[in-house]
1. Can you pull out the residues in region B:47-69 that are at the interface with chain A (Cβ under 8 Å from one of its Cβ atoms), touching a strand residue (DSSP E or B) at 6+ places or on another chain (Cβ under 7 Å) and of a type in the set (A, V, I, L, M)?
2. Which count do you get for residues in region B:6-19 that are among the hydroxyl-bearing types (Ser, Thr, Tyr) and facing chain A (nearest Cβ under 8 Å)?
3. Scan region A:78-91 and give yes if some residue there is touching a helix residue (DSSP H, G or I) at 6+ places or on another chain (Cβ under 6 Å) and of a type in the set (S, T, N, Q), otherwise no.
4. Tell me, please, whether a residue that is basic (Lys, Arg), in contact with a strand residue (DSSP E or B) (Cβ under 8 Å, 6 or more places away or on another chain) and at pLDDT 95 or above can be found in region A:298-321.
5. For residue B:112, state whether it is under 24 Å from residue A:340 (Cβ atoms) and more than 14 Å from chain A (Cβ to nearest Cβ).
6. Under 30 Å from residue A:22 (Cα atoms), within 19 Å of the chain's Cα centre (by Cα) and among the aromatic types (Phe, Trp, Tyr): does that describe residue A:65?
7. Being crowded, with 23+ Cβ neighbours inside 10 Å and aliphatic (A, V, I, L, M) is the filter here; which residues of region B:19-64 pass it?
8. Does region A:12-27 include one or more residues that are surrounded by 19 or more Cβ atoms within 10 Å (Cβ to Cβ), among the β-branched types (Val, Ile, Thr) and closer than 24 Å to residue A:253 by Cα?
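The values are calculated or read from the model by the stated rules, or taken from the named source; none is laboratory data. Keep in mind the model is a prediction, meaning the values are calculated, not measured. In this analysis, Cβ positions are derived from the backbone assuming ideal geometry, glycine residues included, and neighbour counts consider all displayed protein chains.
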Amino acid sequence: MIYFDNNDTTQLHPDILEKMIPFFTEKFGNPASLHNLGLEAESAIDEARLQISGAIGAKPKELIFTSGATESNNLAILGAARARPNKKHLIISSVEHASVLNAAKRLEKDGYRITRLPVDGQGFVNPDSLRDAIDEDAFLVSILIANHEIGVIQDVKTLAEIAHSKGAWFHTDAAQALGKMPFNVEDLGIDLASFNAHKLHGPKGIGAMFVRRKNRPKRLMEGAPQEFDLRPGTENVPAIVGFGLAVEIAVRDLNEVESHIRPLQEKLAQGLAEIDNSMLNGPPPDERLLGNLNITFLYIEGEAILMHLAHRGIGVSSGSACSSKSLVPSEVLTAIGLIHEEAHGAIRFSLSRYNTEAEVDTVIESVKVVVDLLRSMTAFIPEVHSEKKGGTSFYRKR
Amino acid sequence: MAIKYSQKVIQHFTSPQNVGDLKDPDAVSTEGSAACGDMITYSMKINSETRIVEDVMFKSFGCASNIATASVATVLAKGKSIDDIKALKHADLTDALDGLPAVKLHCSVLAIDGLKSAVRQWEVSQGLIENGHVILNKETVHKFLNGVINPHTGENLIEANMIRRILIEEEEEGHVFIEIRITDEEEMFAPNIDEEIREKLEEIPGVRKVLVQFKHKI
C-alpha cells in the first residue's frame, strides 16, 4: 500500500519498536514501586522525559506524559480555566483541532466567553485580530502552530507576546509540529504545548504536555500524584520509552528527512496542479507543514475520490479523517473561505520519510485517472460554479 | 471514524451500472445539491403504451454510497412499470446493497426520491396528473419530513419521533418553523439534519424560509 496519510498517523519506526519490547516483557515494573523493577521503569521514564524536554528546550520537570494530544489539549484548556477561575474569556482560532474546538464549546456551555479568531484565505491568523480580541479577562489563548488539514504554520511567537501583554497564558497544539519543524518553547515564549508520539513514527496512545512551571493548569482527574500531580495513573512505560526515542530520532534526522520530503511534496503539488479545476487549500508547498498538501478537485466529492484511490492501494484522507462520519464539511476548510461544494472535494495527502519518488509518480497518475473517471459521471454542472466564482486558480490568495 | 461498506456497495461504486445521460429522454430529474455533497441526476425512457421504464441512466456528485445507491436504483428501475417505481422504498435499495451504514441511509432516500420525481415529471408531461397542486400546510411539511433521515439511527425524523412542532407562520408568508428533539449523541448531526430539512422543505412551492430549532431531550 502507498501510504500518504501521515498527518493521520504514521508507521512505527523499527528501532522504536525494538526499544519498547522489553518494557512489555521482562522490564514490566511500575515506576511508583521502590524495588529494582520499579526503579528501572522510573529511570526509563526519566530518560524519555529528558529526551523530549531537551528537544523542545524545556526543563524535564516541565514535561508531563498524557494519553495523547487530545488529552493534553483538554488539560491545557479546561485545566487553565480551573486554575484561573476569575477570568472567563478564552481565545482560540477558527482552524483548531476538534479537541480544542469542543473543549471550548464545553466552557461556552458553562458560561465562558469564547473568541474564535478568523483566518485569511490560506489559514493564517492575523495578529491584529488577536490584539483586538485580547483583554484582562482572557485566561488563555490557544492557537495551533501547524494545522493538521491545511498545513498552515502560525506566527506563534508574535501571538504569544500579544497574549502575554494582557496577562493571558498561551497554549499551542503542536501535535503535527513536533519533529517536523524547529520547535523551542523558549524561542516561542509559550506557556503550554500539546504533543503526541504517533505522528512521528512513535506508538499510539501516548502524548505529552509542556507546562511552564509558574503557569500550571489544575488537573482534571483525581488519583495518585504521578506526573507532578497533574496527571494521575500508572504511566504507560513502554509507550513513553517509544515516544522518547521517536522524538530523539525525529530531531536527529530532521534536516535529512526534510531534504527528502520537501522535494516530493513540491513534485506532488506540481503534478496535481496539472489537473484542471483543482486548487491548493492552504499556503504554497514550500511554506507549509512538511509533507502536507490539501487539494480540492472541483465538481466531484472527496469520499468517492478517497475510495477509488483506496481501491488502487493508495491511502489518503478526505478533509479531516475524524470528521468523515459527521457528514458536514470540514470547519477548517470553510474557515478559509471554501464554499461547501469546494470543501466536499478536498483530499489531504501527507508524506513521511518512508515515501518515495516512485510512489509520488504513481499517486499523481492514479489521481488523474480517478478524477477523470468521477468527472465523467458527475451530476454537478460546472457552468453554475464558474459563474459564481469567476474561475479558479490552483493557488489561493491569502 | 472509518465507514464500512458491504461488498455489494463497493461493487456498484467501482463498477457503476447505467452511468451517463440518455439521448432524447422522456423524463429527467435532479435531486439533492452539490452544497450538501449529495446530488443525483436521472434520465429515463418510458414507454407511453405500457408505462414501463425501458431505460434509465444516472450521473452523480457524491460519496461512494451515493454512486452505489444510484447505480442499484437504475438496475431495479429498468423494466419496471411506473406504478412499481412509485411503490419502491429506500429499504429496497439498501436490501439490494446488503445494507448501508446508518449515516449513509440518506443516500438511498435521495436515490429513490430521484426516481420517483422523474416518473412524476413524466406523468405531468403526459397530462396524467397536474403539477404544482402541493399546498403548503402542516400535512405537506410532515410528509416531506418523512424523507429526512436521522444519520445516528437511520430512521426518518417521523419514525424517530423527533418532530416536536411544525409551525407555518401566519404573519410572514412562506416561513416554516420546525422544532426538533435531539439527544446529546445526535448533536454532531444537527448541522446535517438542519441542512437536509431545509433542502427538503424548500421543494414545497411557497416555502420561502425554513427555521429549524433543536431542543435537547432530557
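1. B:67
2. Here is the first cut: in region B:6-19, the ones among the hydroxyl-bearing types (Ser, Thr, Tyr) are B:6, B:14-15.
Pick out the ones that are also facing chain A (nearest Cβ under 8 Å) and you get B:14.
Count: 1.
3. no
4. no
5. In short, yes.
6. Numbers: under 30 Å from residue A:22 (Cα atoms): yes; within 19 Å of the chain's Cα centre (by Cα): yes; among the aromatic types (Phe, Trp, Tyr): yes.
The answer is yes for residue A:65.
7. Scanning region B:19-64 gives B:27, B:34, B:39, B:40, B:44, B:46, B:53, B:56, B:64.
8. Going residue by residue through region A:12-27, those that are surrounded by 19 or more Cβ atoms within 10 Å (Cβ to Cβ) are A:13, A:16, A:20, A:23.
Those still in the list that are among the β-branched types (Val, Ile, Thr) too: A:16.
Subsequent filtering for residues that are closer than 24 Å to residue A:253 by Cα retains A:16.
Scanning region A:12-27 turns up at least one residue that is surrounded by 19 or more Cβ atoms within 10 Å (Cβ to Cβ), among the β-branched types (Val, Ile, Thr) and closer than 24 Å to residue A:253 by Cα.
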